[in-house]
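**Q** Would you mind keeping the following structure in view while I ask a few things?
The values are calculated or read from the model by the stated rules, or taken from the named source; none is laboratory data. Not measured: the values here are computed from a predicted model. FYI the Cβ positions are ideal-geometry reconstructions off the backbone, even for glycines, and counts take in every protein chain you see.
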Amino acid sequence: MSAPSTSERLRLRVAGIVQGVGFRPFVYQQAVSLGLSGFVFNDGGGVGIEIEGPPEALAAFERALNEHPPPLARIDGVRREAVPVRGDNGFVIRRSEAGSASAMVSPDVALCDACETELRDPENRRYRYPFINCTDCGPRYTIVEHLPYDRPNTSMEAFAMCPACEAEYNDPANRRYHAQPVSCYDCGPVLTLYAEGEKRESGNGEAVIDAAARRIREGEIVAVKGLGGFHLVCDATDETAVRTLRERKRRPSKPLAVMFPSMASVETAARLGEADRRLILSRERPVTVVTKREGSPVAPSVAPGIDRIGVFLPYTPLHLLLLEAVGRPVVATSANLSDEPIITDRETLERKLGHVVDAVLDHDRAILNACDDSVAAAAAGKRVPLRMARGYAPASRPLPFETGKKILAVGANQKNAVALAFGKQLVLSPHIGDLVGLDAFEYFERTLGTFRRFYDFSPDVIVCDLHPGYETTRWAEAAAKRPDAPALVRVQHHYAHVLACMAEHGMTQKVLAFAFDGTGYGGDGTLWGAEVLVADVHGFERVGHLRPFRLLGGEKAVREPRRVALAMLFECFSPEEVLTTESPAVRAFEASEIRTLHAMWSRGLNAPWSSSAGRLFDAAASLAGLAQTVGYEGESGLLVEAAAAGCRDAEPYAFPEKEGVADWEPMLRAMLAEKDPAVTAARFMATLAAWIVRTAKRHRGLPVVLTGGVFQNRTLLEAAVSALEAEGIDCLFQRETPLNDGGIALGQAWYALHNE
Ligand code: ZN
Ligand code: ZN
Ligand code: FE
């Protein structure tokens, strides 16, 4: 049959997030409804379409493609070419083709409304099925081994579809068409509960979930296998259970995330703004850091001493069923040992955390790529991602130009994530974590392997930090020594923070940046961390920083804010004067300790110089009597914030500058005389905000960038943003990527993209 002479034929190549998101059935349905013929297929590069018919129908098809693609899709570009008419019969979806892989992997997606409706429908064959999913929801990244994203390339390969599921899978009009993890009671994964002294219960019935829920209600700790790994779960309203979890896990104070059965339940524990609610309900379902509510049913040990709490809603059918069965909020924290990677299989869980858990709720769908929960907060009415993992990552961003080089940026040592740039894309891996210990480093290498496999990627350029002691630096140096070695580029840590913000906003021009964080290796060998940089994509000038102080005991000072305060006192007073100073920081030591530490300080023994804003927060927390030792990095910032809550319009302390060096001594002296810790805390943050605004006014005309982990402090960020806006100064911070060290790889890649 020959086509009518009025027909035309188009060849379209669609790039972006177009696989595993229902793109082909969408194309199919549009084509069929418009009476067009041709075919659509997936390959490593995205989606290919050949389509023919009358020009008006083709135009309508292209409009639909551009204007309302499927909800999870993101089209980065369409290459369009007119080709000779072939007179196809009807429209078909062709089998996937292998090939050079540049299609983006979609992150895992929370349960959608349509599936939740089916889950609750007693007539539906998947009524209360804990693995229900469709093209719009369910696991993606965590189950894929290779691209393209097709069932044989995922851990669903082990499950042969039953005829009913297969019919849905193969029907282009069905919402489960090519939903790779599709399954049901007859053919899908199975839940099993393992517990000491109790026979394992198997099968998908309510019995298993109910049994796990009963244990949680009775105060036990149950490990639950989710999308990207296991959670440790216990009753969040049971102080004893939470304390037991902390003791067994040896996690004294770091806040624990809480999963709630419903939004109404979240509201009983937190005071939410509109931006918080939007974030909690967003498709990515991040752990959202919000303000606690008085009289919350959540046990105090969940987030001791601070006024924030991390909350989230169930994001898989299994979590939903479990939370409804428990009927209370539960602690749901990544199953790992202190800062090790999240555990993904029961064998490892029992080996490492056997002493922590009372029972394990397991299932037999393998997790191929581990992925933690994401963490985000709303600040200044905007979303600030704090950790990009499940739901957000892998995150791909289209580049504004095409790069001829393949660039691998290995990130920082803490909150590590890696970035890849090639062609017209930049891909940010999910959060890998702190690279301390062998397991964490193996996880780093495994993640690198995953991304190299996905994209058939071998780097021409590797970018790392300046810090000679970072695991990532050593890895990069070793890689650069091999035959056919890629080029090695090093980017200073705080400059990389600034570049990350520039990358997110697509900027190359000159900015005035405030990079405030814990510590990073400075160009001069000291530990920086409150840097004022005038920077563009080619380099930076350090125009301001704090007067340096010593970190007594190096790493030890990070866990003991009192050591930072003491070192600053040594800068200003004699040891005898320090000994007679009335301050919580001084009282936190024995007199003999102060003498020993002074000897260490005066000889510079294991007492590196630092100019870090994070450490300045430590000193303020110590001098205000809020914290002398801390259980996690950033704790003193949160305590200072909590103390300052409700203390409005605080007067900044004097903070004089000479040649760009800001002197904290007058502030330190004033703090010693302060009576109320709330006032100290509020005035301290007002001082930093005032420093930022004063400096920005001197550099008027340059857009201001605020970056670095210290700006996770919402009070400081909001104070700086509103003061800058009041002065009419443009101010940028990250909304798509973490402004903490999780963003370093992005900044490193942005540098290499413009300089290699
Ligand atoms: Zn769904
Ligand atoms: Zn089935
Ligand atoms: Fe940093």
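**Q** Across the stretch 123-150, which residue is surrounded by the fewest Cβ atoms within 10 Å (Cβ to Cβ) among those that are within 16 Å of ligand 2 (Cβ to nearest atom) and outside any loop (DSSP other than H, G, I, E, B)?
**A** So the residue we want is Cys134.
**Q** Related question: Name the residues in the stretch 157-175 that are within 10 Å of ligand 2 (Cβ to nearest atom) and in a loop (DSSP other than H, G, I, E, B), would you?
**A** Phe159, Ala160, Met161, Cys162
**Q** Name the helices (runs of 4 or more DSSP H) wholly within the stretch 264-374 that hold at least 2 residues that are within 26 Å of Thr154 (Cα to Cα)?
**A** Of the helices (runs of 4 or more DSSP H) lying wholly inside the stretch 264-374, those with at least 2 residues that are within 26 Å of Thr154 (Cα to Cα) span 317-326, 346-353.
**Q** Could you say which residue among Gly631, Gly637 is surrounded by 14 or more Cβ atoms within 10 Å (Cβ to Cβ), closer than 19 Å to Gly518 by Cβ and modelled with pLDDT under 95?
**A** Going through Gly631, Gly637 in turn, the sole match is Gly631.
**Q** In the list Asn174, Asn170, which residue meets the criterion of being more than 31 Å from the chain's Cα centre (by Cα), at pLDDT below 95 and closer than 17 Å to Pro70 by Cβ?
**A** When all the criteria are applied, what remains is Asn174.
**Q** Anything in the stretch 484-515 that is β-branched (Val, Ile, Thr) and closer than 15 Å to Cys731 by Cβ? List them, or say none.
**A** Result: Val498, Val511.
**Q** Run down Ala627, Ala620, Ala607 and say which single residue is among the aliphatic types (A, V, I, L, M) and part of a helix (DSSP H, G or I).
**A** The match here is Ala620.
**Q** Could you list, in sequence order, the residues of the stretch 536-550 that are crowded, with 24+ Cβ neighbours inside 10 Å and in contact with a Phe, Trp or Tyr (Cβ under 6 Å, 6 or more places away or on another chain)?
**A** Selection gives Arg550 alone.
**Q** Looking for whichever is on the phi > 0 side of the Ramachandran plot and of a type outside the set (Gly, Ala, Ser) here; the options are Asp649, Asp676, Asp663. Which one fits?
**A** When all the criteria are applied, what remains is Asp649.
**Q** Can you find a residue that is on the phi > 0 side of the Ramachandran plot, of a type outside the set (Ser, Thr, Tyr), away from ligand 2 (no atom under 16 Å from the Cβ) and touching a Pro at 6+ places or on another chain (Cβ under 9 Å) anywhere in the stretch 96-106?
**A** Checking the stretch 96-106: at least one residue is on the phi > 0 side of the Ramachandran plot, of a type outside the set (Ser, Thr, Tyr), away from ligand 2 (no atom under 16 Å from the Cβ) and touching a Pro at 6+ places or on another chain (Cβ under 9 Å).
**Q** Hey, could you check the stretch 209-231 for residues that are buried (at least 22 other Cβ atoms within 10 Å of the Cβ) and basic (Lys, Arg) and say which is nearest to ligand 1 (Cβ to nearest atom)?
**A** The extreme case among them is Lys225.
**Q** If I filter the stretch 665-690 down to residues being over 36 Å from the mean Cα position of the chain (by Cα) and in a helix (DSSP H, G or I), which single residue comes out as surrounded by the fewest Cβ atoms within 10 Å (Cβ to Cβ)?
**A** The selected residue is Ala673.
**Q** Can you tell me which residue is surrounded by the most Cβ atoms within 10 Å (Cβ to Cβ) among those in the stretch 460-472 that are under 24 Å from the mean Cα position of the chain (by Cα) and over 19 Å from Asp339 (Cβ atoms)?
**A** The residue in question is Val463.
**Q** Can you tell which of Val498, Val436 is in a loop (DSSP other than H, G, I, E, B), within 16 Å of ligand 3 (Cβ to nearest atom) and in contact (Cβ under 8 Å) with a residue 60 or more places away in the chain?
**A** Residue meeting the stated conditions: Val436.
**Q** Select from the stretch 190-208 the residues that are crowded, with 16+ Cβ neighbours inside 10 Å and under 24 Å from Met161 (Cβ atoms) and write down the one among them that is modelled with the lowest pLDDT.
**A** Within the stretch 190-208, the match that is modelled with the lowest pLDDT is Asn204.
**Q** Looking only at the stretch 501-517, filter to residues that are assigned to a strand (DSSP E or B) and within 22 Å of the chain's Cα centre (by Cα); which one of those is farthest from ligand 3 (Cβ to nearest atom)?
**A** Phe514
**Q** Return yes or no: is Ala164 out of contact with any Ser or Thr (no Cβ under 7 Å at 6 or more places or on another chain), surrounded by fewer than 23 Cβ atoms within 10 Å (Cβ to Cβ) and either more than 27 Å from Leu353 (Cβ to Cβ) or not hydrophobic (A, V, I, L, M, F, W, C) (or both)?
**A** Criteria met by Ala164.
**Q** Go through the stretch 469-495 and give me each residue that's outside any helix (DSSP H, G or I) and in contact with an Asp or Glu (Cβ under 9 Å, 6 or more places away or on another chain).
**A** Pro486, Ala487, Leu488, Val489, Arg490, Val491, Gln492
**Q** Which one of Arg151, Arg140 is at negative phi, within 31 Å of the chain's Cα centre (by Cα), within 16 Å of ligand 1 (Cβ to nearest atom) and among the charged types (D, E, K, R)?
**A** Of Arg151, Arg140, the one residue that is at negative phi, within 31 Å of the chain's Cα centre (by Cα), within 16 Å of ligand 1 (Cβ to nearest atom) and among the charged types (D, E, K, R) is Arg140.
**Q** Sticking with this structure for a sec: Within the stretch 36-57, can you find the residues that are under 28 Å from Tyr149 (Cβ atoms) and over 39 Å from the mean Cα position of the chain (by Cα)?
**A** Hits for the stretch 36-57 are Leu36, Ser37, Gly38, Ile51, Glu52.
**Q** From the list Ser33, Ser7, exactly one residue is more than 38 Å from the chain's Cα centre (by Cα), within 16 Å of Ala64 (Cα to Cα), modelled with pLDDT of 90 or more and not β-branched (Val, Ile, Thr). Which is it?
**A** Exactly one residue qualifies, and that residue is Ser33.
**Q** Mind checking which pairs have a first residue in the stretch 154-171 that is more than 10 Å from Ser183 (Cα to Cα) and a second that is part of a helix (DSSP H, G or I) and within 16 Å of ligand 1 (Cβ to nearest atom), Cβ under 7 Å, 6 or more apart or different chains?
**A** Short answer, once both residue conditions are applied: Thr154/Ile143; Ser155/Ile143.
**Q** Considering only the stretch 368-384, how many residues are buried (at least 22 other Cβ atoms within 10 Å of the Cβ), in contact with an Asp or Glu (Cβ under 9 Å, 6 or more places away or on another chain) and closer than 30 Å to Arg346 by Cα?
**A** Here the count works out to 4.
**Q** Could you list, in sequence order, the residues of the stretch 246-266 that are buried (at least 19 other Cβ atoms within 10 Å of the Cβ), out of contact with any Asp or Glu (no Cβ under 8 Å at 6 or more places or on another chain) and among the aliphatic types (A, V, I, L, M)?
**A** Across the stretch 246-266, the qualifying residues are Leu256, Val258, Met259, Val266.
**Q** Then there's this: List the number of the failed condition for Gly520; all other conditions in (1) surrounded by 18 or more Cβ atoms within 10 Å (Cβ to Cβ); (2) without any contact (Cβ under 8 Å) to a residue 60 or more places away in the chain hold.
**A** (2)
**Q** Turning to a different aspect of this structure: Identify the residue in the stretch 300-317 that is more than 18 Å from the chain's Cα centre (by Cα) and farther than 18 Å from Glu267 by Cβ and, among all such residues, is surrounded by the fewest Cβ atoms within 10 Å (Cβ to Cβ).
**A** If we take residues in the stretch 300-317 being more than 18 Å from the chain's Cα centre (by Cα) and farther than 18 Å from Glu267 by Cβ, then Pro300 is surrounded by the fewest Cβ atoms within 10 Å (Cβ to Cβ).
**Q** Which number in (1) more than 25 Å from the chain's Cα centre (by Cα); (2) closer than 25 Å to Val32 by Cβ; (3) surrounded by 14 or more Cβ atoms within 10 Å (Cβ to Cβ) marks the one condition that Arg74 misses?
**A** Just one mismatch for Arg74, condition (1).
**Q** In the stretch 19-37, how many are surrounded by fewer than 22 Cβ atoms within 10 Å (Cβ to Cβ), of a type in the set (A, V, I, L, M, F, W, C) and part of a loop (DSSP other than H, G, I, E, B)?
**A** Residues meeting the conditions: 1.
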